[in-house]
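**Q** Attaching a single structure in structure tokens format; questions to follow.
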Amino acid sequence: MNYRCAHRWAFPKWGAALEETAEDLAAAASHEVTVRITHCGMCHSDLHIQAGGFDMGGGKMSSLERAGTKLPVTMGHEIGGEVVEIGPDVKDVKLGDKVIVYPWLGCGACPVCERGDDHLCPRASRNLGIQLPGGYADLVRVPHDRYLVGIGTLEPARAATFACAGITALGAISKLDPLGADDHVAIIGCGGVGMTAVALLSATSKAKVVAIDPDPAKRDAALKHGAALAFDPNAADALKTIGKACQMNIAGAVDFVGAESSSSLAVNLVRRTGQVVIVGLFGGEFRMPLPMFALKSLRISGSYVAGLKELRELVALAQRIKLPEIPLDLRPLASVNQALDDLAHGRVVGRVVLQP
Ligand SMILES: [Zn+2]
Ligand SMILES: [Zn+2]
């Protein structure tokens, strides 16, 4: 294989189908690394990226184009593979290493990036799969070796999904204050990311995990992954039932849906001084009576993916504890358009992982 020519699936216009392209790569310079991709997870946010923005509520859309993203875009930010070329200054990895790639790159030079919080860089984003070519390709060029994490004995397809789904779960629950054995934490939305949060919380905290999802199969799975209780948010009197069952002691609620209904459930569920973390990007507007902030001493925060250190932490954790085996749906990269369509129409169970 020629490691100097990347074959990518990119969309040339916002909302358009992905097309195969080829680009010659220059030799890897300084800290650059080329990874031959073996797996790339498909994330729900790829649908928003392809569409060009997110639903901001009230009929408004955000715009990646206005934020400076240039066409064509090669998506794919859950990248796993093998190191095939390294620049002359690379020290942390060697040829043949099996790695996953941290994709949420910032400028790489400011204090925020230097402390490992690239995803929160106040300067220019250089995310792989948005601003820089991502993993829907056979090769990816990574700007610095520090963004690569060795996967040890982990299954490569699963490890690839850690770079977004995995660290999003870990980053969100890390925002919660330390929890005691009497505390309850509600996890709203138990898809792949929410389910991972259920398992991570059950393994690392004393609190009782309360899974909330309309799908009975997901509630059953959450109970198997360590949730103490599970509820249907659409049941009559759900708020009352859940509150009572938790002795009105829900210290935190993490909303992995990010819809108007789920965020409102979250703020109503938590006790006084409770914490609400909004993670999901379903879209819409957040509405809440203003006095609730004061009367409940409520804290609301958002959580967007997580830092490089969380990715390293998650890889270490996954070697130690059993994380949920979210079903993986392995498909050839060339079927990426069909896979995106299936994802958009809810025909995917678990996570699609593409293989070039
Ligand atoms: Zn993602
Ligand atoms: Zn920066």
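**Q** Run the dipole for the stretch 219-356 about the Cα centre, Lys and Arg Cβ at +1, Asp and Glu Cβ at -1, nothing else charged, and hand back the magnitude in debye, nearest 20.
**A** Here the stretch 219-356 has a charge dipole of around 580 debye.
**Q** Once fully extended, how much extra length lies between residue 82 and residue 47, figured as 0.36 nm per residue of separation less the alpha-carbon to alpha-carbon distance?
**A** Result: 9.9 nm gained on full extension.
**Q** Could you tell me what percent of the DSSP beta bridges with both partners in the chain are antiparallel, to the nearest 5?
**A** 55
**Q** With unit charges on the beta carbon (Lys/Arg positive, Asp/Glu negative), name the residue among 160, 144, 170 whose Cα is farthest towards the positive pole of the charge dipole of the stretch 114-233.
**A** Highest projection toward the positive end goes to 144.
**Q** About the Cα centre of the stretch 148-230, what is the dipole size in debye to 20, counting +1 per Lys and Arg Cβ and -1 per Asp and Glu Cβ, all else neutral?
**A** 80
**Q** Also, quick follow-up: Report, by chain and number, residues whose modeled amide H sits under 5 Å from the one on residue 231, excluding near sequence neighbours (fewer than 5 apart, same chain).
**A** Here the answer is 211, 212, 213, since their amide H atoms fall under 5 Å of that of residue 231.
**Q** Shifting gears a bit: Hey, got the dipole for the stretch 1-64? About the Cα centre, +1 on K and R Cβ, -1 on D and E Cβ, debye to the nearest 20?
**A** My answer is approximately 60 debye.
**Q** Pull out the extension gain between residue 238 and residue 56, defined as 0.36 nm times the separation in residues minus the alpha carbon to alpha carbon distance; nm, one decimal.
**A** 62.8 nm
**Q** Provide the per-residue ³J(HN,Hα) series for the stretch 211-216, in order, calculated from phi with Karplus coefficients 6.51, -1.76, 1.60 and θ = phi - 60°, each as a whole number of Hz, with x at glycine and proline positions.
**A** Working through the residues one at a time gives 8, 10, 7, x, 8, x Hz.
**Q** On C-alpha positions alone, give me the angle between the axis of helix 192-204 and the longest principal axis of the chain, in degrees, nearest 10.
**A** Roughly 70 degrees, rounded to the nearest 10.
**Q** Calculate, in nm to one decimal, what residue 110 and residue 181 gain on full extension: separation in residues at 0.36 nm each, minus their alpha carbon distance.
**A** Net length gain for the segment: 21.6 nm.
**Q** Add -39500 (n - 2.57) for each DSSP H run of 4 or more in the chain, then divide by its residues: what number comes out at 222 nm, to the nearest 500 deg cm²/dmol?
**A** -7000 deg cm²/dmol
**Q** Going toward the positive end of the dipole of the chain, with +1 on Lys and Arg Cβ and -1 on Asp and Glu Cβ, which of 311, 62, 205 do you reach last?
**A** The listed residue farthest towards the positive side: 205.
Values in this text are rule-based calculations from the coordinates and carry no lab data. Bear in mind that the values here come from a model prediction, so they are computed numbers and not experimental data. Cβ: placed from backbone, ideal geometry, glycine included. Neighbour counts: every protein chain shown.
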